[in-house]
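The values are calculated or read from the model by the stated rules, or taken from the named source; none is laboratory data. In this text the structure is predicted, and so the values were computed from the model without any measurement. Neighbour counts run over all protein chains shown; Cβ positions are idealised from the backbone, glycine included. The area values use the complete protein model at the heavy-atom level, side chains included, leaving out ligands, DNA and RNA. Shrake-Rupley method; radii C 1.70, N 1.55, O 1.52, S 1.80 Å.
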Amino acid sequence: MTSTVELTATDIPQERRLVTALPGPKSTELQARRVAAVSKGVSGMLPIYIDRAGGGILVDIDGNQLIDMGAGIAVTNVGNAAPAVVEAVQAQVAKFTHTCFMVTSYEGYVEVCEALNRLTPGDHDKRSALFNSGAEAVENAIKVSRAYTKRQAVVVFEHGYHGRTNLTMAMTAKNMPYKQSFGPFASEIYRVPLSYPFHDGNRAGADVAADVISKIEKEIGADNVAAIIIEPIAGEGGFIVPAPGFLPSLVSFANDNGIVFIADEIQTGFCRTGSWFASEHEGIVPDMMTTAKGIAGGLPLAGLTGRAEIMDSVHAGGLGGTYGGNPVACAAAVAAISIMEEQDLAGRAREIEAVMIPRLKSIAEKTGVIGDIRGRGAMIAVELVKKGTNTPDAEFTSAVSKACHAQGVVVLTAGTYGNVLRFLPPLVMPMHLLEEALDIIEEAFVSLTK
Ligand code: PLZ
């Protein structure tokens, strides 16, 4: 067990500080090396190279200190290089780095599975398995659902994102940049509409779900469906929170028809939305859940957790991989989970929401270009539109994001239409830095709408 550490335990001063223009000379030099060495297929949002990070700050190699409003895409929920994580990793890495859990086992893997079984919704008997990446967890969720149900069809949603491997590309909605020219894609994937209140005229969740169910029955046949998989809040799709009732209706349809209901909580999990998992906000109990990102404080680890009878329906040896549940990543996860529990980081996420929402509302009123403010906890976004309409404005979104970057605030974009500015601060973000980031975001909006 890790000892209690202070909320933002880092020796990096928690202040934004620009000592060069961005990018600075050292980053510029590295960027040239990158272009010569790294495939162009791997894009980079900011040509800034990081030296150290902690709390709410990223320090680049030129000494600039940036406010981190992205947490490496919802990963460093406990902060970067959180001392308890560092300590656990250092201790483990000095003992052994790898055995392959399928060859000779170790406690850390079991401990992470126990934690997942305990923390995910529902008090039924559960089992878990560990993998290296979110996409790999999703792939395995589909494998297990198909083995359990002896059916093949998989239902996915518009605006959904599940990864970049071949199966998960088929499951991901957006073509550019994820799928373009990478086909052929896996078969037996069926896409249905998502409840998207801002763009569907605020239709009731149960009504949209009824349409989805009818579509499944007419076009696929409920008894051909192995799994329905959904992000309780669509992440890459633009932090779309489905209308209340949408998720529960789908869960009861799945339960009534022997379909495995999978919540992809890879982005929403681990206190991000103000509870351990976003499924809890609607009181749903998924049959299976995929997790990754926030689970291990930045080390690569992913989990698949589900009802014991589903998870144990696979033949021995059917699941695995060389590195899945690597001991160093497991040690990091055990430490990160302790931090989240001891410091009530779900409560912190709710505090972050309480600060952000009124500030974003005031920016919306001042500028008229924010059509929707949404999300939960420390997973908040604004959807940008042409003034007075709900027509997406991707160009303006990119301009705001660039203006924030130039001032040393790392914000991310998202959304099917590229017009969503999303905020995913580490949950240990000091409040004064959050306020400063919001000041800079506000300045960017105000100056660009003048
Ligand atoms: N499911 C819900 O959010 C990863 C993708 C970044 P991996 N999201 C960030 C990018 O452009 O590649 C994600 C997710 C949800 C699955 C995944 C996939 O997780 O760990 O990136 O494979």
Could you run through region 337-346 and say how many residues are without any contact (Cβ under 8 Å) to a residue 12 or more places away in the chain and part of a helix (DSSP H, G or I)? 1
Scanning region 376-401 for residues that are among the basic types (Lys, Arg) and under 22 Å from the mean Cα position of the chain (by Cα) gives Arg376
List the number of the failed condition for Pro23; all other conditions in (1) part of a loop (DSSP other than H, G, I, E, B); (2) assigned by TED's automatic domain parsing to the domain that holds Ile337; (3) not small (Gly, Ala, Ser) hold. (2)
Just wondering, is there one or more residues in region 170-183 that are within 12 Å of the ligand (Cβ to nearest atom) and assigned to a helix (DSSP H, G or I)? yes
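Got a sec? Which of Glu188, Glu158 is touching a Lys or Arg at 6+ places or on another chain (Cβ under 7 Å) and either more than 27 Å from Val314 (Cβ to Cβ) or not assigned by TED's automatic domain parsing to the domain that holds Pro392 (or both)?
Glu158 is the lone residue from the list that is touching a Lys or Arg at 6+ places or on another chain (Cβ under 7 Å) and either more than 27 Å from Val314 (Cβ to Cβ) or not assigned by TED's automatic domain parsing to the domain that holds Pro392 (or both).
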If we ask which residues in region 116-146 are in contact with a Leu (Cβ under 9 Å, 6 or more places away or on another chain) and closer than 20 Å to Gly283 by Cβ, their number turns out to be 2
Inspect all residues belonging to region 223-236 and state whether any of them is under 24 Å from Ile266 (Cβ atoms), open to solvent by 10 Å² or more (accessible area, probe 1.4 Å) and in a strand (DSSP E or B). no
Hey, could you check region 88-143 for residues that are open to solvent by 20 Å² or more (accessible area, probe 1.4 Å) and of a type in the set (Lys, Arg) and say which is nearest to the ligand (Cβ to nearest atom)? Lys143
In region 30-59, which residues are in a loop (DSSP other than H, G, I, E, B) and under 29 Å from Lys179 (Cα atoms)? Val38, Ser39, Lys40, Gly41, Val42, Ser43, Gly44, Met45, Leu46, Pro47, Ile48, Tyr49
Contact list please: Cβ distance under 6 Å, first residue in region 350-367 and closer than 12 Å to Phe423 by Cβ, second residue aliphatic (A, V, I, L, M) and surrounded by 14 or more Cβ atoms within 10 Å (Cβ to Cβ), pairs at least six apart or on different chains. Ile352/Ala378; Val355/Leu434; Met356/Ile380; Arg359/Leu438; Leu360/Ile373; Leu360/Val382
Can you tell me which residues in region 244-273 are away from the ligand (no atom under 16 Å from the Cβ) and buried (at least 24 other Cβ atoms within 10 Å of the Cβ)? Phe246, Leu250, Ile259, Val260
Filter region 13-44 for residues that are open to solvent by 60 Å² or more (accessible area, probe 1.4 Å) and at pLDDT below 95 and give the result. Ser43
Would you confirm, using the coordinates I've provided, whether Leu299 is open to solvent by 10 Å² or more (accessible area, probe 1.4 Å), more than 30 Å from Val420 (Cα to Cα) and either in a loop (DSSP other than H, G, I, E, B) or in the same structural domain as Lys150 (by TED's automatic domain parsing) (or both)? no
Within region 106-146, the count of residues that are part of a loop (DSSP other than H, G, I, E, B) and without any contact (Cβ under 8 Å) to a residue 24 or more places away in the chain comes to 1
Check Ile337, Ile357 and return the single one that is over 30 Å from Ala226 (Cα atoms) and outside the structural domain of Val241 (by TED's automatic domain parsing). Ile357
What number of residues within region 286-318 satisfy the criterion of being among the hydrophobic types (A, V, I, L, M, F, W, C), away from the ligand (no atom under 13 Å from the Cβ) and closer than 23 Å to Tyr161 by Cβ? 1
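Out of the residues in region 274-283 that are open to solvent by 10 Å² or more (accessible area, probe 1.4 Å) and over 19 Å from Ile352 (Cα atoms), which is nearest to the ligand (Cβ to nearest atom)?
Glu282
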Quick check: anything in region 179-193 within 18 Å of Met289 (Cβ to Cβ) and modelled with pLDDT of 95 or more? no
Members of region 212-222 that are open to solvent by 20 Å² or more (accessible area, probe 1.4 Å) and under 27 Å from the mean Cα position of the chain (by Cα): Ile213
